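Read through the structure below, which is laid out as structure tokens, and then see the notes.
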Amino acid sequence: MKMLFSQEKAYRDLRLESTEFHHAFWRENNRKFQEGKGRIEAGTDFFFTYLQSIKKIVEPPFFAEIVAKGQVVTAEDLSTYYKQFLQEHEHEHSIYHRETRRQNFALLRLGFSVWLSRVFSRR
């Protein structure tokens with residue numbers, strides 16, 4: 001019976017650790033995204049250089065006019081920014097997904113072990 005409680009505690013602790021890991025990753029990821037989005041919406045130099053590098057076919061003065069007039073950034077511009085953001089943070093996301101898979105397998109193994117212990121302790 002004592003083994004069951006230690007396994008349950010380990011399972012509970014790993015679930016909490018996993019939840020904290022997800023929360024910390026997405027909080028930081030969202031902070032970075034909102035920071036970049038804010039720079040775009042504010043019309044700072046970042047917006048001009050970013051769009052200039054992405055949309056080389058459009059002449060740079062077009063974007064300078066948008067920034068100067070303080071026009072609203074379109075959904076297409078934000079979509080383009082989101083795509084670039086994902087590409088820039090691809091390595092971080094792949095590490096996150098690898099760690100998530102590792103945690104999920106560990107949770108499955110511990111959860112299954114707890115379940116088996118409960119099933120056989122009732123007999």
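The values are calculated or read from the model by the stated rules, or taken from the named source; none is laboratory data. No experiment lies behind these values; they were computed from the predicted model shown. Counting neighbours? That spans all protein chains shown, and the Cβs are built from the backbone with ideal geometry, glycine included.
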### Task
Those residues that are at pLDDT below 60, part of a helix (DSSP H, G or I) and surrounded by fewer than 14 Cβ atoms within 10 Å (Cβ to Cβ), I need them from the range 65-81; list them, please.
65, 68, 69
## Note on the structure
Residue hits (the range 21-42; more than 16 Å from residue 93 (Cα to Cα) and of a type in the set (Asp, Glu)) are 35, 41
### Message
Please go through the range 89-100 and give me each residue that is under 12 Å from the mean Cα position of the chain (by Cα) and either of a type in the set (Asp, Glu) or at pLDDT 95 or above (or both), ordered by number.
### Response
90, 91, 92, 93, 94, 95, 96, 97, 100
### Summary
Of the listed residues (103, 84), the one being surrounded by 13 or more Cβ atoms within 10 Å (Cβ to Cβ), modelled with pLDDT of 90 or more and part of a helix (DSSP H, G or I) is 103
### Query
If a residue has to be among the acidic types (Asp, Glu) and exposed (fewer than 10 other Cβ atoms within 10 Å of the Cβ) to count, how many in the range 91-100 make the cut?
0
